[in-house]
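Notes for the one structure printed next.
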Amino acid sequence: MNSFELNKIAGAVLLALLVLMALGVSSDIIFDHEAPETPGYPIAVATADGAAEGAAAEAEKVVPLAVRLAEADIGAGEKVTKKCVACHTFDNGGANKVGPNLWDVVGRKPGAHEGFKYSNAMLAFAEEHPEWTYEQLDEFVTKPKDHIPGTAMAFAGLSKPDDRANLIVYLHSLSDNPLPLPEPEAAAESAEAPADAAPADAPAEAAPAEAPAQ
């Protein structure tokens with residue numbers, strides 16, 4: 001092989017190297033990016049303490065039921081019942097459907113409406129709860145299957161406290177002799193007072209007397 005052929009091969013190799021270098025430089029210019037300060041992706045892990053604090057914060061945001069009922073709107077509550085009319089009637093003497101008629105339900109004994117076949121879970125609940133109080137209704141419509149496990153009621157529930165209050169005051173109005181609503185002032189005072197606080201002038205607890213010998 002003469003020197004001319006060697007020069008051609010050397011020139012081709014050099015040209016290829018120059019092309020590769022040019023491609024590398026141009027790609028760095030086109031696809032320039034900054035390296036992250038911290039490599040990898042941060043993963044947020046919820047701790048048990050954080051979850052508990054979040055739940056407590058949510059609970060603190062819920063206004064006491066008596067206050068919500070005092071501020072509730074009967075008309076808005078009637079609109080909420082559009083989610084219920086497939087299973088319930090609300091008029092006096094109305095027929096039972098998939099669920100019982102709900103006229104005069106506030107203060108009524110659970111599982112006791114005439115002509116309706118209740119689930120065993122509701123009947124068991126009725127043995128321990130003599131009437132549908134405002135508090136029981138509020139807890140039940142929040143998520144029925146959580147409040148009474150085994151109930152046949154398929155309704156998912158009302159997560160918004162104001163929706164529940166509006167519904168309950170509407171149900172309260174469906175009666176010839178509605179029960180009085182709870183006093184919001186008493187509820188507010190009860191919520192503000194510390195649970196373990198004792199009256200300042202409370203007498204000291206007397207020591208129990210010894211039982212006489214038998």
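The values are calculated or read from the model by the stated rules, or taken from the named source; none is laboratory data. Predicted model, so just to flag it, every value in this text is computed and none were measured. Cβ sites come from the backbone with ideal geometry, for glycine too, and all protein chains shown count toward neighbours. These accessible areas exclude ligands, DNA and RNA; they are computed on the full protein's heavy atoms, side chains included. Shrake-Rupley method; radii C 1.70, N 1.55, O 1.52, S 1.80 Å.
A few comments on the model shown:
- Note on segment 118-145: among residues that are polar (S, T, N, Q) and over 20 Å from Pro180 (Cβ atoms), the one that is least open to solvent (accessible area, probe 1.4 Å) is Ser119.
- Sole exception among (1) of a type in the set (A, V, I, L, M, F, W, C); (2) touching a residue at least 12 places away in the same chain (Cβ under 8 Å); (3) closer than 20 Å to Leu65 by Cα for Phe140, by number: (2)
- Filtering Leu167, Leu158 for residues that are under 14 Å from Thr81 (Cα atoms) and part of a loop (DSSP other than H, G, I, E, B) leaves a single hit, Leu158.
- One residue from Ile148, Ile168 being over 19 Å from Asp104 (Cα atoms), in contact with a Phe, Trp or Tyr (Cβ under 9 Å, 6 or more places away or on another chain) and buried (at least 16 other Cβ atoms within 10 Å of the Cβ): Ile148
- Taking first residues from segment 65-89 that are without any contact (Cβ under 8 Å) to a residue 60 or more places away in the chain and in a helix (DSSP H, G or I) and partners that are among the aromatic types (Phe, Trp, Tyr) and open to solvent by 70 Å² or more (accessible area, probe 1.4 Å), no Cβ contact under 6 Å between residues at least 6 apart in sequence or on separate chains turns up.
- Within segment 84-94, being loosely packed, with under 11 Cβ neighbours inside 10 Å and not charged (D, E, K, R) holds for Val85, Ala86, Gly93.
- Some residue of segment 40-48 being among the hydrophobic types (A, V, I, L, M, F, W, C), at pLDDT 60 or above and open to solvent by less than 100 Å² (accessible area, probe 1.4 Å): no
- Residue selected from segment 95-112 under the condition touching a residue at least 40 places away in the same chain (Cβ under 8 Å) and open to solvent by 40 Å² or more (accessible area, probe 1.4 Å), by the criterion farthest from Pro180 (Cα to Cα): Trp103
- Residue check, Gly115 open to solvent by less than 20 Å² (accessible area, probe 1.4 Å), of a type in the set (Gly, Ala, Ser), more than 29 Å from Val63 (Cα to Cα) and part of a loop (DSSP other than H, G, I, E, B): no
- Selection count, segment 120-157, where residues are within 24 Å of Pro184 (Cβ to Cβ) and of a type in the set (S, T, N, Q): 3
Results for (1) without any contact (Cβ under 8 Å) to a residue 12 or more places away in the chain; (2) within 18 Å of the chain's Cα centre (by Cα), shown as yes or no for each residue.
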position: Gly115; (1), (2): no, no
position: Phe125; (1), (2): no, no
position: Tyr134; (1), (2): no, no
position: Pro144; (1), (2): no, yes
position: His147; (1), (2): yes, yes
position: Gly157; (1), (2): no, yes
position: Arg164; (1), (2): no, yes
position: Tyr170; (1), (2): no, no
